[in-house]
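The values are calculated or read from the model by the stated rules, or taken from the named source; none is laboratory data. Remember, predicted model here, so these are calculated numbers, not experimental data. Note: ideal-geometry Cβ built from the backbone for every residue, glycine included; neighbour counts use all protein chains shown. Note: areas computed on protein heavy atoms with side chains; ligands, DNA, RNA excluded. Shrake-Rupley method; radii C 1.70, N 1.55, O 1.52, S 1.80 Å.
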Amino acid sequence: MTEEKKLFKVTIDNITVEVEPGTSILMAARKIGGDVVPPAMCYYSKLEGSGGKCRTCLVRVAAGSTADPRPMPKLVASCRTNVMDGMVVENITSPTVLEARKGVVEFLLINHPLDCPVCDQAGECDLQDLSFNHGAEGTRYEFKRRTFERIDIGPYIQLHMTRCILCFRCVYVADQVSGKREHGILDRGDHSQIATYIQESLDNEFIGNVIDVCPVGALTDRTFRFKNRVWFTKPVEAHRDCPTCSGKVRLWMRGDDVLRVTARKDQWGEVEEWICNECRFEKKKATDWIIEGPTTVDRHSVISQGHYVNTVKPAETFSPVMNGRKPKLLMDIHQVSEVNNVDLNEIQGPATNRTFNGDAYASGTNVTDVKVGEGRNMEGTDSTNANTI
Ligand code: SF4
Ligand code: FES
């Protein structure tokens, strides 16, 4: 007879759940779901060793276990603390936790620029959401923020260290997913930075995944930078027969143009399956993909704006009165408008006035988004914040 595995009972914000021994408080909270789940900026369940860096997931352990019901003396990082049988945890029910989290957000923002208006991550940035939900509206910080030059890490990825919160996730991806780590965190204290040795290019086939795990806009896709705001694009699930990865991706489309390809993410914002660079950076035509259908977007997300699923459209009257002619044929914007004769997905960088003034394949170079070269990016600035220039 097989012995039944003993489960631990843990109560988080007055809700009790049973989990296996060895489960962290954060994962137990995710089993409950909703507001009980602490935010996590560095922990990533698919990356071994992640967590314990950012402290946004702090919780109060009001009772350690049934055997020893004393409270823990300090707040603990829920991503790195395992549950005990009979443990009682407070997250949003503890004013101390909420106050501490506010402090953590303030620390994270000390060196983070107010780049949201020009940052590609805006709209899907974990730090933006964290500040909105847990931060204070003002800042007490009066000093100059630390800044770094932007660096092109290979042909597809740009590192903007100024925005990095040193969560370590990208280092774990390079280590565990691509199996070829050439970057890490160098130096100490406020000099710490993500850097590659001698600007080594991270050219592994899976390295594009660092973009998806980065919780802020520090690692961005050079084939997408400044092409569109994410909330104007429409996410759809698609797949292709890929010899390197599962080929299951999310396409971010505007009309028929595929502006960006990313991995699919689950409800916790974590990648479901890692995808290869070819799928991510080279397959930018709708015909490259088999489209499965629209992505279900959380209605609280800004990306849900203007995207409707299961809507009932009024009956189309154009065809019957025009002898069966389809309105779509008349409305192909690429054919009828010179200004719109630009396929954003085909140009290599962001559009400029030259793109719309006769040279449909011209793209911006001031932000080094064309696919050439690597190394330091000395030109231009992303920031509108005087503190970061
Ligand atoms: S670049 Fe992004 S993923 Fe890497 S440590 Fe910085 S914030 Fe984290
Ligand atoms: S998510 Fe737990 S310390 Fe960062």
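Miscellaneous remarks
- Residue ID - farthest from L130 (Cα to Cα), chosen from residues in region 33-50 that are open to solvent by 50 Å² or more (accessible area, probe 1.4 Å) and more than 14 Å from ligand 2 (Cβ to nearest atom): E48
- Region 145-199, residues that are modelled with pLDDT of 85 or more, farther than 21 Å from P113 by Cβ, within 10 Å of ligand 1 (Cβ to nearest atom) and of a type outside the set (A, V, I, L, M): Y172
- Any hit, region 132-141, residues being open to solvent by 50 Å² or more (accessible area, probe 1.4 Å) and at pLDDT 90 or above: yes
- Any hit, region 237-246, residues being open to solvent by less than 20 Å² (accessible area, probe 1.4 Å), of a type outside the set (A, V, I, L, M, F, W, C) and within 17 Å of the chain's Cα centre (by Cα): no
- Exactly one residue among L58, L98 is away from ligand 1 (no atom under 16 Å from the Cβ), in contact (Cβ under 8 Å) with a residue 24 or more places away in the chain, open to solvent by 30 Å² or more (accessible area, probe 1.4 Å) and not charged (D, E, K, R), and that residue is L98.
- Considering the conditions (1) at pLDDT 95 or above; (2) within 16 Å of ligand 2 (Cβ to nearest atom), K53 is excluded by exactly one of them, (1).
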